[in-house]
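Structure record follows, encoded as structure tokens.
The values are calculated or read from the model by the stated rules, or taken from the named source; none is laboratory data. Here the structure is a predicted model, which is why all the values come from computation and not from measurement. In this analysis, Cβ positions are derived from the backbone assuming ideal geometry, glycine residues included, and neighbour counts consider all displayed protein chains. These accessible areas exclude ligands, DNA and RNA; they are computed on the full protein's heavy atoms, side chains included. Shrake-Rupley method; radii C 1.70, N 1.55, O 1.52, S 1.80 Å.
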Amino acid sequence: MRIKPHETIDTFFNGKLRIIQPRQGYRFSVDALLLAEFVSIKSEDFVVDLGAGCGIISLFLAVEREVSFVVGLELQEELTSQAKRNIMLNELEKKIAVIQGDLRHLPMAPGFANVVVCNPPYRQGKSGRINPDLSKAIARHEIAVSLNDTLDAGKALLRPGGRLALIYPANRLTEVFAKMRTHELEPKRLQIIFPDSASHAKLAMIEGRLQGKSGLKILPPIFGQG
């Protein structure tokens, strides 16, 4: 397995996974792992991981959850390369595939997936300091894709009744709910993430169902993250 000089290999989940990541570029955060634990998965599900990065969500689902197959879609060439090598490193070629592509121009057929999961860039394009590292900037700020782009892709990929799960800033929940409904993605599950019991919520995980009926289940909060 070829490891580039600017990359590291880190071990997670008691040695179950080995992950190639850049030393200085975009490295996955705990957000991805929380989302991978949150999303509803059935053993027969075909899953699409939008903005797969180094493949961490896809890899987690393949080793920690029962899932039929996961296809990751990643815009950036370097991250796509890392994701593909991570699949080989962990011998998961029969469970995961990764495609380089733009979610605004999907390389997959409509109605392909039972589940779409996405840890999207959620800092607004003109808010805060934009990281000079382009890979980090694209991953964190809405530069290459917007929330509408993500929801458009999710709606296109899902079969009727399919589920889309994403993680987003808690202070943008009303925006997320409104836009999900305009895309026929009815919010069904919600879990709020707090840094601690004395702080305002920072993040929220939302799962919607395509053409689902109304009725939102609010899960117990998570403390110590965000």
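Annotations for the structure displayed:
- Residue match in segment 204-223 (condition: among the basic types (Lys, Arg) and either more than 28 Å from VAL70 (Cα to Cα) or in contact with a helix residue (DSSP H, G or I) (Cβ under 9 Å, 6 or more places away or on another chain) (or both)): no
- Complete set of residues in segment 37-52 that are surrounded by 13 or more Cβ atoms within 10 Å (Cβ to Cβ) and polar (S, T, N, Q): SER40
- Some residue of segment 45-67 being at positive phi, among the charged types (D, E, K, R) and over 14 Å from the mean Cα position of the chain (by Cα): no
- Residue in segment 87-110 that is assigned to a loop (DSSP other than H, G, I, E, B), modelled with pLDDT under 95 and among the polar types (S, T, N, Q) present: no
- Subset of segment 177-223 [open to solvent by 30 Å² or more (accessible area, probe 1.4 Å) and in a helix (DSSP H, G or I)]: PHE177, ALA178, LYS179, ARG181, THR182
- Only residues that are small (Gly, Ala, Ser) and open to solvent by 10 Å² or more (accessible area, probe 1.4 Å) were counted across segment 144-176, and they come to 5.
- Close pairs from segment 146-168: first without any contact (Cβ under 8 Å) to a residue 60 or more places away in the chain and over 14 Å from LEU73 (Cβ atoms), partner among the hydroxyl-bearing types (Ser, Thr, Tyr) and in a strand (DSSP E or B), Cβ under 8 Å, at least 6 apart: LEU147/TYR168
- Across segment 171-189, the number of residues qualifying as within 15 Å of ASN148 (Cα to Cα) and basic (Lys, Arg) comes to 3.
- Residue count, segment 74-102 (criterion: without any contact (Cβ under 8 Å) to a residue 40 or more places away in the chain and among the hydrophobic types (A, V, I, L, M, F, W, C)): 5
- Candidates are the residues of segment 11-36 that are in contact with a helix residue (DSSP H, G or I) (Cβ under 8 Å, 6 or more places away or on another chain) and assigned to a helix (DSSP H, G or I); the one that is surrounded by the most Cβ atoms within 10 Å (Cβ to Cβ) is LEU35.
- Screening THR80 with (1) open to solvent by 40 Å² or more (accessible area, probe 1.4 Å); (2) of a type in the set (Ser, Thr, Tyr); (3) at pLDDT 95 or above gives one miss only, at (1).
- Selected residue (criterion: surrounded by the fewest Cβ atoms within 10 Å (Cβ to Cβ)) from residues of segment 53-73 that are free of Cβ contacts under 8 Å to residues at least 40 places away in the same chain and of a type in the set (D, E, K, R): GLU66
- Per the listing ILE143, ILE193, the residue uniquely at pLDDT 95 or above and hydrophobic (A, V, I, L, M, F, W, C) is ILE193.
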